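Working notes, structure below.
The values are calculated or read from the model by the stated rules, or taken from the named source; none is laboratory data. The model shown is predicted, which means the values in this text are computed figures rather than measured ones. Neighbour counts are summed over all protein chains in view; Cβ atoms, including those assigned to glycine, are modelled from backbone coordinates with ideal geometry. The accessibility values were calculated without ligands, DNA or RNA, using every heavy atom of the protein model including side chains. Shrake-Rupley method; radii C 1.70, N 1.55, O 1.52, S 1.80 Å.
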Amino acid sequence: MTSITKLNQWLQAGLITPAQHANILSFEAEHRQHSNGWLYSFMILGAAIIGLGVISLIAANWATIPETVKLGVDFALLTLLALGVFWQYPKRHNGVWFEVLLVGFMLLCLASIGLIAQVFHLGGKWYHALLFWAAITFLLSLFARNLFTRFFWVTLLLQGLIWSLVALTNPNISEHWEALPSVLLLAPLLIAVLYYATTHSKLLRGFTSSLFFWFQIAAIIALAFADIVRSGGEMTDYQVAWFVPAYVAAVLLAVGILLHKEYRWLNKLLLLGALGLLLLYYHPDLLFNGQSRYSLFGSQAHAGVGFWQADDIRAPLLTLTILFLYALHAGNSGHQRTFNLITFLIGLRFVILYFQAMGGLAATGVGLIISGSLIIGITWLWYKGRDRLREWTKRLQA
Amino acid sequence: MNRRSWLIIALVVPILALASSVYLKNAQRNRGTEVILPISGFDPRDLLSGHYLIYRVDYGVAEGCGAQQGQASVCLRPTRGLYPAGALPEDCTLFIHGQCDGGVFSAGIERFYIPEAYAYALEQQVRDHKGELVLGVDSQGNAAIRDLLLDGKPWKNVVGGMD
C-alpha cells in the first residue's frame with residue numbers, strides 16, 4: 001500500500017484534517033528525492049557487470065598482447081575513471097553517475113590486482129588479494145552514498161579478512177577442509193567486533209547495517225553448522241590452534257559488549273552467556289566427544305550413554321539456549337525483527353528436534369498427523385506468544 | 001582538509017598502491033640472479049586449474065620437507081639443501097625463502113598463467129617433464145618467474161609452432 005493511499009484512508013477515517021492532508025502532500029512533493037533506489041541499483045548493477053566483464057577479459061589471458069600494453073591500458077582506464085569520479089563529485093546529490101563511476105573504479109582496482117597477478121605469475125591467495133583491495137579502496141568506500149556500494153565493499157573485506165586470519169594459524173586452509181569450523185566460528189565473532197567498532201565512529205557508521213546483516217547470516221550458519229556436525233558426532237579431528245583467531249575475536253567482542261554504553265547489565269549478561277556457549281559448542285572435546293549418541297526411538301545402541309551426556313541431546317539444547325538468550329536480548333533492546341526471526345528459529349529447531357527424535361514415527365500415518373499438529377501448534381504458539389514474550393523481556397530489567 | 005582533497009587522496013591511493021606493486025614485482029623479476037629449475041605436474045588430475053598451470057618445482061634437494069612445517073629456505077649455491085627458517089648455512093650465497101606444508105616446499109612460484117587455447121598442450125608437456133622455470137632470485141631470497149621453458153625453448157615459441 002502506498003503512502004498516498006494510506007493518507008487518503010486516514011482522511012476518510014477522520015484521523016487527519018483536509019488541511020493536514022494537503023500539507024503532507026505538499027511537503028512530500030517538495031521533498032521528493034530526485035533519484036530512486038531502482039535506478040541506482042540498476043546503474044550500479046550495470047557497472048558491476050562491466051567490471052566482471054573486464055575481469056573475465058583479463059582472465060582470458062591474451063598471450064599475444066605485450067604485458068606493457070595490458071598494464072598500460074589498465075592504468076589508463078583507472079586514471080580515466082578516477083577523473084570521472086572527481087568530476088561527478090559536485091553532482092553526487094542529483095545524479096547516479098558519481099556512484100556508478102565509483103563502483104566501476106573499485107571493481108577495476110580488483111581486476112587490476114588480478115591482471116598484475118597474471119602478468120607476474122603470482123601464486124598468492126585470493127583472500128590476500130581481497131584484503132589488499134579492501135585496504136586500498138577503504139578511503140574511497142567512505143565516499144559511497146548508496147547502501148549497495150558499502151555492502152559490496154564490506155562483503156569483500158569480510159571474505160578477505162576472515163580467511164586471511166584463519167590462514168595465519170592454518171596456511172593451507174583450502175587443502176584442510178577439516179579447519180572449516182574455525183572459519184565459521186571466527187566469522188560472526190569478527191563481524192560483531194567490527195560492528196561494535198563502527199557504532200563508535202561517526203565516519204564508519206555507514207557500514208553498520210551491512211555488518212549487522214552479515215553478522216546475522218554468519219551467526220545462523222555457525223550455529224546451524226555446529227548443531228548438525230555435533231549432533232552427527234562429526235568434528236572430532238581438529239586442532240585448538242586453528243581456533244586462536246576466533247578466541248582473540250571473542251575476547252575483543254566480550255570487551256566490546258562490556259563497554260557498550262547502551263546495553264544494560266541484563267543485555268551484557270545475555271550476550272556474554274550466548275558468546276560463552278557458542279565457544280563451548282565449537283571447542284574441541286569439552287562438551288562433545290563424537291562417540292556418545294542417544295537416539296530416542298532409533299535402533300542405535302546407547303547402553304552406557306546417559307541422556308545428558310549424549311552429543312545429539314546436548315547439541316540441540318545448546319542451540320536452543322543460545323537462541324533463547326539472544327532472543328531475550330533482542331526483545332529487551334527493542335529489536336523487533338531480530339526478535340521475530342530468532343523466536344521463529346527456536347520454533348523451527350523444536351520441530352527438527354521432533355523429527356530427529358521420532359524420525360521413524362513420522363513415516364507412519366499417525367506420525368504424520370502428530371508432526372503436522374506439532375508444526376501448526378508451534379507456529380500458533382509463536383504467533384500468539386511472541387508479543388507477550390517480547391513484553392516480558394522488556395520488563396526483565398526492571 | 002576539505003572533502004574534495006580527501007577524495008583526491010582516496011582516488012590516488014589505489015592507483016599508487018597498484019603502480020608500486022607493478023614496479024616492485026618487475027624489479028624483483030629483472031634484478032635477481034637467473035636460475036633455471038625443472039618442473040613437473042604433481043598430480044595429473046589437478047595439473048590444470050582454470051587458466052594456469054600448477055606444478056611442483058624440482059629444487060634438486062635430496063630430502064624434502066618431511067615432517068617439517070612452516071617457514072623454510074632452499075639453498076641453491078654452493079650446495080643444495082632445505083633448511084628451517086634461520087638455519088641457512090653462512091656460506092649459502094643463493095637461496096629461496098618459502099614454507100613447508102604437508103611435506104612440500106612452496107615459494108609462491110607454483111603457478112603459471114597460460115592462454116586457455118594452449119592449456120591442454122602445455123599441460124601435456126609439463127606432465128612429460130619437459131618443463132623448466134626461469135626464475136629471478138634476489139639477495140633476500142624472493143623468487144619471481146621470468147619464463148616457462150618447454151624442451152629448453154620459451155613457451156611462446158613452442159606455442160607459435162602449434163598454431
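A few notes on this one:
- Dipole of chain B, positive end: most advanced residue of B:Val35, B:Pro154, B:Ala10 [Cβ charges, Cα centre]: B:Ala10
- Only helical runs count toward this figure. For chain B, summing -39,500 (n - 2.57) over DSSP H runs of n ≥ 4 and dividing by all residues gives -9500 deg cm²/dmol at 222 nm.
- Our coupling estimate for the stretch A:102-114, obtained by passing each phi through the Karplus curve with A = 6.51, B = -1.76, C = 1.60 and θ = phi - 60°, is 4, 5, x, 5, 5, 5, 5, 4, 5, 5, 5, 4, x Hz, Gly and Pro reported as x.
- Tail weight of P(r) past 24 Å, computed on alpha-carbon pairs of the stretch A:35-170, percent: 34 percent
- Projected label points at B:Arg127 and A:Phe355, each 7 Å from Cα along the beta carbon direction, are separated by 4.4 nanometres.
- Cut-off of 10 Å, at most 11 other beta carbons, DSSP loop: longest stretch of chain B lacking such GluC sites (Glu not before Pro): B:91-163
- Applying the Kirkwood pairwise sum to the alpha-carbon positions of chain B produces a hydrodynamic radius of 17.7 angstrom.
- Computed FRET value (nearest 0.05) for B:Ile36 with A:Val251, which takes r as the C-beta separation and R₀ as 41 Å: 0.25
- Karplus-derived 3J(HN,Hα), 6.51/-1.76/1.60, for each residue of the stretch B:100-109, Hz, glycine and proline x: 9, 8, x, x, 10, 8, 10, 10, x, 10
- Gain on full extension, evaluated as 0.36 nm per residue between A:Ile4 and A:Ser209 minus their Cα-Cα distance, stands at 71.0 nm.
- Chymotrypsin sites (Phe, Trp or Tyr not before Pro) restricted to DSSP loop in the stretch B:1-97 with at most 14 other C-beta within 10 Å: B:Phe42
- Taking amide H as placed 1.01 Å from N in the peptide plane, B:Arg56 has its amide H under 5 Å from the amide H of B:Ser40, B:Gly41, B:Phe42, each at least 5 places away in sequence or on another chain.
- Spin-label pair A:Asn23-A:Leu348: with each label point 7 Å from Cα along the Cα-Cβ axis, the two points sit 4.6 nm from one another.
- Spatially proximal aspartates and glutamates relative to B:Lys153 (Cα-Cα < 12 Å; intrachain offsets below 8 disregarded): B:Glu132
- Additional length obtainable on full extension of the chain from A:His200 to A:Ser373, 0.36 nm per residue less Cα span: 57.6 nm
- The residues of the stretch A:35-170 have, on average, 44 Å² of accessible surface per residue, using a 1.4 Å probe with all protein chains present.
- The residue list A:Ser231, A:Leu258, A:Ile220 was ranked by how far each Cα lies along the charge dipole of the stretch A:195-270 toward its positive end, using unit charges on Cβ atoms, and A:Leu258 comes out on top.
- Number of partner chain Cβ atoms within 10 Å, mean per residue of A:117-127: 6
- Residue order for A:Arg145, A:Arg349 - accessible surface, 1.4 angstrom probe, largest first: A:Arg145, A:Arg349
- Checking the Cα-Cα distances for A:Lys6/A:Lys268; A:Lys125/B:Lys156; A:Lys91/A:Lys125; A:Lys202/A:Lys384 against a 31 Å cut-off, the pairs over it are A:Lys6/A:Lys268; A:Lys91/A:Lys125; A:Lys202/A:Lys384.
- The stretch B:101-138 and the stretch A:93-119 have their alpha-carbon centroids 31 Å apart.
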